[in-house]
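The values are calculated or read from the model by the stated rules, or taken from the named source; none is laboratory data. Owing to the predicted nature of the structure, the values given are computational and were not obtained by experimental measurement. Ideal geometry is used to build each Cβ from the backbone, glycine not excepted, and the neighbour counts take in all protein chains shown. Please note that ligands, DNA and RNA were not included when accessible areas were found on the heavy atoms of the full protein model with its side chains. Shrake-Rupley method; radii C 1.70, N 1.55, O 1.52, S 1.80 Å.
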Amino acid sequence: MKTLRPCVAEFLGTFYLCFAGIAAILCNTQAVGGMSGLLGIALAHGLALSIAVNVFGGESGAHFNPAVTAGFVVTGRIAPGLAGCYVIAQLLGATTAAGFCRVIFPPEAVAVTHLGLPLPAAWASTGVILLTEFILTFLLMTSVFGTAVDDRGRAVKIGGFGIGLTVTFDILAGGAVTGASMNPARSFGPAFELL
């Protein structure tokens, strides 16, 4: 039971993030008719993550991202066995969100967006993609540790807000370049569903 509840929280939090983000991308297709653009997509990801961090952070620490979980393993804040369970829960949450989006939205929207899979721009070289994703993930990890892990940041009690805003501005800054995944689970769910 000590492992189940945090893993369920990781599943649900990752579902929040991925469902909102994928759905926002699918809504911006001609088949659906939404017009919020990159700003709407960024806000959907950031707001969903901000809410999920606040809802589930007390149960699991609100990683919702294998990169965050890896950072917690490296810094000794989570045992490797529990971290493995977190990653599995995150991948399942992302895949479930992608699966529901696949069922809800028209096939044309799913096809044209590759089910919201974060894909790089055609002009972006491998080096540009790696550098951009490194910077975006670095900014996210800095925000996670600065607002939700460090006692000085936790005292301000804005962890979810700060982390959500970071995801929002990361997508605004790098979404058109790399798809701004910053999160292996976020990329895994749609990719798995497209198999």
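Summary table
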| item | result |
| --- | --- |
| Which numbered condition PHE100 fails, given (1) in contact with a Leu (Cβ under 8 Å, 6 or more places away or on another chain); (2) open to solvent by 40 Å² or more (accessible area, probe 1.4 Å) | (1) |
| Residues that are among the small types (Gly, Ala, Ser) and touching a helix residue (DSSP H, G or I) at 6+ places or on another chain (Cβ under 9 Å), drawn from segment 138-167 | SER143, GLY146, ALA148, GLY153, GLY159, GLY160, GLY162, GLY164 |
| Residues of segment 49-59 that turn out to be under 29 Å from PHE105 (Cβ atoms) and either of a type outside the set (A, V, I, L, M, F, W, C) or free of Cβ contacts under 8 Å to residues at least 40 places away in the same chain (or both), as a count | 2 |
| Cross-chain or 6+ apart pairs with Cβ under 7 Å, segment 83-103 first and farther than 14 Å from VAL68 by Cβ, then of a type in the set (D, E, K, R) and assigned to a helix (DSSP H, G or I) | THR95/GLU193; ALA98/GLU193; GLY99/GLU193; ARG102/GLU193 |
| Residue tally, condition assigned to a loop (DSSP other than H, G, I, E, B) and either of a type in the set (Lys, Arg) or over 21 Å from ASP150 (Cα atoms) (or both), over segment 69-92 | 1 |
| Condition broken by PRO106, with the remaining ones in (1) open to solvent by 30 Å² or more (accessible area, probe 1.4 Å); (2) under 28 Å from LEU4 (Cα atoms) satisfied | (2) |
| Matching residues in segment 31-43 - criterion: being touching a residue at least 24 places away in the same chain (Cβ under 8 Å) and part of a loop (DSSP other than H, G, I, E, B) | ALA31, VAL32 |
| Residues of segment 113-135 classified as among the small types (Gly, Ala, Ser), assigned to a loop (DSSP other than H, G, I, E, B) and surrounded by fewer than 17 Cβ atoms within 10 Å (Cβ to Cβ), total | 3 |
| Residues satisfying the stated conditions in segment 71-82, i.e. closer than 15 Å to MET141 by Cβ and surrounded by 13 or more Cβ atoms within 10 Å (Cβ to Cβ) | GLY71, PHE72, VAL73, ARG77, ILE78 |
| Residue count, segment 136-195 (criterion: aliphatic (A, V, I, L, M), surrounded by fewer than 22 Cβ atoms within 10 Å (Cβ to Cβ) and assigned to a helix (DSSP H, G or I)) | 11 |
